[in-house]
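Novice: Can you keep this structure in mind? I'll have questions shortly.
No value in this document is a laboratory result; all are computed from the given coordinates. All of these numbers come straight from a predicted model, not from anything done at the bench. Neighbour counts run over all protein chains shown; Cβ positions are idealised from the backbone, glycine included.
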Amino acid sequence: MMMCKKATRLMSLKQDRPLTFQERMSLRLHLSMCSACRECERQFTLLHEAGRRFDP
Amino acid sequence: MKEQEDRLQRLTAVRPRLFSFAFMHLRDRSQAEDAVQEAMMSAIEKHESFAGRSSYETWVFGILKYKILDAMRAQKRDGRWQPLENEDDDDAIDRQFQQNGRWQQSARPSSWGEPEAAFETEHFWQTFDACMIALPDNAARVFSLRELMGLSTGDICRELGIKENNCWVILHRARLHLRACIEKGWLKGATP
C-alpha cells in the first residue's frame, strides 16, 4: 500500500508530466481512502493556478 | 505619439508586477530591478516590433522572461547557485510525515476552500509571496520557472543543467514547503 508521502510525490509529478497508467491507478486508489491527501492534491492544483496570476 | 504615450503609461502601471515576477525568480532585489529596467528599455526601443497579437503587457512580460533567464545564467556562472544535487535531506519536509509515510497529525492538509475565493483575498497573496521568499533558493527558482514562467521540466533541466528527475524531486519539495507554509500563514494566521 502506498503511503501519503509517496502519494504526494505522484500528485506533484502530475502537475509536471502525464502519469503512467500504473501511477494513475495507485494514486487514485490512495486518494479514495485518504481525505488528507485529497486536500493536498487540491492545494497543489491551487498552487499551479496561483502561478498564472502574472499572465496579464 | 499618442500611442507611445499610452504605452509608457501602461509600462509604468505594470512595473510593480514585473518587479515581483523577476524577484521571485532571481531572489535579489537589485538584479530583479536591473532585469525589469532592461526589459522596459528594450520594450521602448523595440516598440515598433510589437505586433499587437497579444496584449502589450503580455509582450513586455515576454521580454522580461528572456532577461530573467539571462540573469539566472549569469547567477549560475558567478557561482551564486548552491549545488542542486544535494537536496535529499530536508527536515522541513520530513517533519510533515511520520516514519511510516503517513501525515503527521499536525501537518495534515485541511481545506483551503474554493481557489477563486482564495485568489480574491489580499491576505492569501501576501502569504503566498512571503512563503515564496521563505523557500530555499533552489526550490524557489525551479518552482518559479515551472509555475510562474510556465516552462516544462524538460526546458528547466536544459536551462539549469540538471536531470529531469532532480527537477521533479525539487518541485515536489517546493510544493510541500509551500502548502505547509501557506496553510500555516493563511488559515492559521501565523507569520511565515
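Novice: Using the Karplus curve 6.51 cos²θ - 1.76 cosθ + 1.60 with θ = phi - 60°, what ³J(HN,Hα) values do you get for each residue of the range A:27-42, in whole Hz, with x for Gly and Pro?
Specialist: Result, ordered by residue: 5, 4, 4, 5, 4, 5, 10, 10, 6, 4, 5, 5, 5, 4, 5, 4 Hz.
Novice: On to the next question. State the dimensionless ratio Rg/Rh of chain B (Rg: radius of gyration of Cα atoms; Rh: Kirkwood radius).
Specialist: With Rh from the inverse mean 1/r over Cα pairs, Rg/Rh is 1.02.
Novice: Based on the mean of other beta carbon atoms within 10 Å per residue, what is the order of B:161-172, A:5-16, B:37-48, B:96-107, most packed first?
Specialist: Peptide ranking by packing, descending: A:5-16, B:161-172, B:37-48, B:96-107.
Novice: Helix-only mean residue ellipticity at 222 nm, chain B, DSSP H runs n ≥ 4 weighted -39,500 (n - 2.57), per residue, nearest 500. What is it?
Specialist: Value at 222 nm, helices only, nearest 500: -20000 deg cm²/dmol.
Novice: Over all directions, what mean area does the Cα convex hull of the range B:93-186 project, stated in square nanometres?
Specialist: Here the figure is 6.8 nm², rounded to one decimal.
Novice: For peptide B:10-20, how many partner chain Cβ atoms fall within 10 Å of a residue's Cβ, on average?
Specialist: Counting other chains' Cβ atoms within 10 Å and averaging over B:10-20 gives 1.
Novice: Enter the mean number of other protein chain beta carbons within 10 Å of the beta carbon of each residue in A:10-23, as an integer.
Specialist: Mean shielding count: 3.
Novice: Angle check, please: helix A:4-14 long axis (alpha carbons) against the longest principal axis of chain A (alpha carbons), in degrees 0 to 90, nearest 10.
Specialist: 50 degrees
Novice: Still on this structure: Under a 5 Å amide H to amide H cut-off, with H placed in plane at 1.01 Å, what residues pair with B:F97 once short-range neighbours are removed?
Specialist: Under 5 Å from the amide H of B:F97: B:Q104.
Novice: Count charges around A:R28 for me, please; just the other residues with Cβ under 13 Å from its Cβ, Lys/Arg as +1, Asp/Glu as -1.
Specialist: Overall, the nearby charge balance is +1.
Novice: Connecting C-alpha atoms closer than 10 Å in a GNM of chain B, tell me which of B:M132, B:M149, B:M24 has the biggest fluctuation.
Specialist: Answer for the Gaussian network model of chain B: B:M149.
Novice: Also: Using only Cα atoms, what is the ratio of the radius of gyration of the protein assembly as shown to 2.2 N^0.38 Å?
Specialist: 1.09
Novice: Structure shown: which of A:K6/B:K184; A:K14/B:K163; B:K76/B:K184; B:K2/B:K46 lie over 26 Å apart, alpha-carbon to alpha-carbon?
Specialist: Result: B:K76/B:K184 exceed 26 Å.
Novice: Determine the shielding of peptide A:33-42 by partner chains: average, over its residues, the number of Cβ atoms on other chains within 10 angstrom of each Cβ.
Specialist: Other-chain Cβ atoms within 10 Å of each residue's Cβ, averaged: 5.
Novice: Would you kindly enumerate the cysteines in the protein assembly as shown that have no other Cys beta-carbon under 4.7 Å from their beta-carbon?
Specialist: A:C4, A:C40, B:C157, B:C167
Novice: Still on this structure, I have one more. With each run of n ≥ 4 DSSP H residues scored as -39500 (n - 2.57), what mean residue ellipticity at 222 nm is computed for chain A after dividing by its residue count and rounding to the nearest 500 deg cm²/dmol?
Specialist: -23000 deg cm²/dmol
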